[in-house]
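Report on one structure; see the data block that follows.
The values are calculated or read from the model by the stated rules, or taken from the named source; none is laboratory data. Quick caveat, the model's predicted, so the values are computed rather than measured. Virtual Cβ from ideal backbone geometry, glycine too; neighbours counted across all protein chains shown.
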Amino acid sequence: MNVARQNRLNSLAAHGALILYTVIALFPVFVIVINSFKTRKAIFREPLALPDAESFSLIGYETVLKQGDFFLYFQNSMIVTVGSLFFILLFGAMAAFALAEYRFKGNTLMGLYLALGIMIPIRIGTVAILEMMVQTGLVNTLWALILVYTAQGLPLAVFILSEFMRQVSDDLKNAGRIDGLSEYRIFFRLVLPLVRPAMATVAVFNMIPIWNDLWFPLILAPSEEVKTLTLGSQVFIGQFVTDWNAVLSALSLAILPVMALYVVFSRQLIRGITSGAVK
Amino acid sequence: MPEQQTKAKFRWHIVVFLAPAVMVYTAVMIYPLFNTLRLSLFTEVDQSRVFVGLENFRTLFGNTLWSTQFWNALGNNFWFFLVHMLVQNPIGVALAAILSHPKLRFAGFYRSAIFIPTILSFVIVGFAWKLILSPIWGIAPGLLDAVGLKSLYAPWLGKEAYALTTLSLVSVWQFVGIPMMLIYAALLSIPDEILEAAEVDGVTGFAAFWKIKLPLILPSIGIISILTFVANFNAFDLIYAAQGALAGPDFSTDILGTFMYRTFFGFQLQLGDPHMGSTIASAMFAIILIGVCLYLFGIQSRMRRYQF
């Protein structure tokens, strides 16, 4: 009986701590979003109140949609993120398979070479990257960003995926070889489907930094037609800094797509983590 | 016989599998990295590049105009990192430990909710906190007033003494989800047999966490620490979004990333200088390299890896 009570107390404390932290985590987002639907007066008078019939206003959103090209920014961000993820996963999985599956001269060395980039941030090379992009005419194109993010994501992708690929049973692959499958087919048909959870994890961990990056869009692609959503909202907010309605609405609009993405991929992430744990 | 076969046939598929990744990685990451290190040995005279050896480094460390800025940025960066290590990672571990309790209800909800700040961009986070902490809007003073601590309020982001710590804590708020998720995954991967064996021996609850789980997740904590180190020492976005490239007030939030950006790109009256930018980038590279080596040879090699 004592144990049961102890357990209930423990679980109460656990929920208390978690609820507290959840409130801390969500409070700023909540405040920004509710205030974006209010009149300027109401924003300042009662910042914590929900918008009601009197204080409801969409003036901020009107300004944002009139002044900023958020659909274009969104599209650019989408192209860059999806494109980079595609190349990271494809190239990363191929290289990981080569390192995990075959014994060849220089295997370890190649693994170490590719792993260097896990610890060394690509930003260190920005000066030379910009110079290269200017020389190749890629500056102010989305390709510049896709290339940089692919290079940035590959090392960790190769590392994680090769760990997982080592666990794929040799019997399965050898059975495939006996059946006459080529090495390429073994990779695409047998191994890739088995490491899907790991691929999802890699995708999720890369997606967030790519979508949110401000540094490379600012340096490599600052012109209007290739602005990403992150850079676009940064510039917009900088210009409208005294228009609180517009700033709050722009922030809410920037939150929206990431939240939508998150709802879609959070299940993938958790599945990736748990299947990694259960093996 | 098998040996002959491998000698006779060159395995082209290995090259095909490796080539795309190695090429992109080499061309866009490794080559520019070394090229940046090389550029730090040059300077521009009359629109042409001139080799000057270590002159740029002498300017960076010897010229007080540069060196005070550099040491200021480096010191701020260390403080930024320290706050993350002391606040973000312990909270992350604690949350993961609570979440990993097998009978906890709504664990999925908590986990998803606490991870939300991590997915937001620095721009959103920087501005949102700037607004919330702003004395004009009055949310922060209002909230403090509600718990009777109004006297504690100060416009933190505008005060030299507090701005950096405030921004570090904002960054902690944003990224606590990452250590939480990684530790959570590590905790789940501890086999039940070990915990059951401990339970049979009477080790449960807190004792089980300290004596059994924590030692088993130490490698993960090590990895998180080095990830935090690297991320902090090339941080830029949050400071830039919240305080601009001048990292105000009076450079009190300047870290290496913003310092390099200002130098490389120029800002207001200062002209951009790619060669000094490369010099700062090289210094950052050295710092990160030292940190990573300390981790690899000092910490990781001493840790035992548990195989389940």
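Residues that are more than 8 Å from every other protein chain (Cβ to nearest Cβ), within 29 Å of the chain's Cα centre (by Cα) and not hydrophobic (A, V, I, L, M, F, W, C) within region A:16-45 comprise A:N35, A:S36, listed in sequence order. The conditions of being in contact with a helix residue (DSSP H, G or I) (Cβ under 6 Å, 6 or more places away or on another chain), modelled with pLDDT of 85 or more, surrounded by 22 or more Cβ atoms within 10 Å (Cβ to Cβ) and not assigned by TED's automatic domain parsing to the domain that holds A:N76 are not met by A:V226. Within this structure, A:L112 passes the test of being more than 10 Å from chain B (Cβ to nearest Cβ) and either without any contact (Cβ under 8 Å) to a residue 60 or more places away in the chain or part of a helix (DSSP H, G or I) (or both).
Close contacts from region A:245-256, counting a first residue that is without any contact (Cβ under 8 Å) to a residue 60 or more places away in the chain and facing chain B (nearest Cβ under 8 Å) and a second that is β-branched (V, I, T) and in a helix (DSSP H, G or I), with Cβ to Cβ under 8 Å and a gap of 6+ residues or different chains, come to A:A254/A:T230; A:A254/B:V123; A:A254/B:I124. Of the candidates A:A100, A:A95, the single residue that is at pLDDT 95 or above and over 16 Å from A:P209 (Cβ atoms) is A:A95.
Residues in region A:206-223 that are assigned to a helix (DSSP H, G or I) and either facing another protein chain (nearest Cβ under 9 Å) or among the acidic types (D, E) (or both): 7 in all. Pairs are defined by a Cβ separation below 6 Å, a sequence spacing of at least 6 or placement on different chains, a first member in region B:102-114 that is facing chain A (nearest Cβ under 7 Å), and a second member that is modelled with pLDDT under 85; the pairs so defined are B:S112/A:S266.
Just checking, does region A:160-181 include any residue being facing another protein chain (nearest Cβ under 10 Å) and at pLDDT below 95? No: region A:160-181 contains no residue that is facing another protein chain (nearest Cβ under 10 Å) and at pLDDT below 95.
Restricting region B:131-186 to residues that are facing chain A (nearest Cβ under 9 Å) and touching a Lys or Arg at 6+ places or on another chain (Cβ under 8 Å) leaves a set whose member that is modelled with the lowest pLDDT is B:M181.
When region A:1-38 is limited to residues that are touching a residue at least 60 places away in the same chain (Cβ under 8 Å) and polar (S, T, N, Q), the one that is farthest from B:I136 (Cα to Cα) turns out to be A:S36. B:V203 meets each of the listed conditions (1) assigned to a helix (DSSP H, G or I); (2) touching a helix residue (DSSP H, G or I) at 6+ places or on another chain (Cβ under 8 Å) apart from (1).
Comparison of A:Y61, A:Y102 shows that the only residue that is out of contact with any Asp or Glu (no Cβ under 7 Å at 6 or more places or on another chain), surrounded by fewer than 20 Cβ atoms within 10 Å (Cβ to Cβ), within 11 Å of another protein chain (Cβ to nearest Cβ) and of a type outside the set (A, V, I, L, M, F, W, C) is A:Y102. Is it fair to say B:I114 is modelled with pLDDT of 85 or more, more than 19 Å from the chain's Cα centre (by Cα) and hydrophobic (A, V, I, L, M, F, W, C)? No: the conditions fail for B:I114.
Which residue out of A:I146, A:I118, A:I124 is part of a helix (DSSP H, G or I), under 19 Å from A:L85 (Cα atoms) and touching a Ser or Thr at 6+ places or on another chain (Cβ under 8 Å)?
A:I146
Looking only at residues in region B:187-204 that are of a type in the set (G, A, S) and surrounded by 12 or more Cβ atoms within 10 Å (Cβ to Cβ), the one that is farthest from B:A96 (Cα to Cα) is B:A197. Taken together, A:G176, A:G180 contain a single residue that is in contact with a helix residue (DSSP H, G or I) (Cβ under 6 Å, 6 or more places away or on another chain) and of a type in the set (G, A, S), which is A:G176. Filtered by the rule that a residue be of a type in the set (S, T, N, Q) and either within 14 Å of A:A96 (Cα to Cα) or surrounded by 13 or more Cβ atoms within 10 Å (Cβ to Cβ) (or both), region A:165-189 gives a lone residue, A:Q167.
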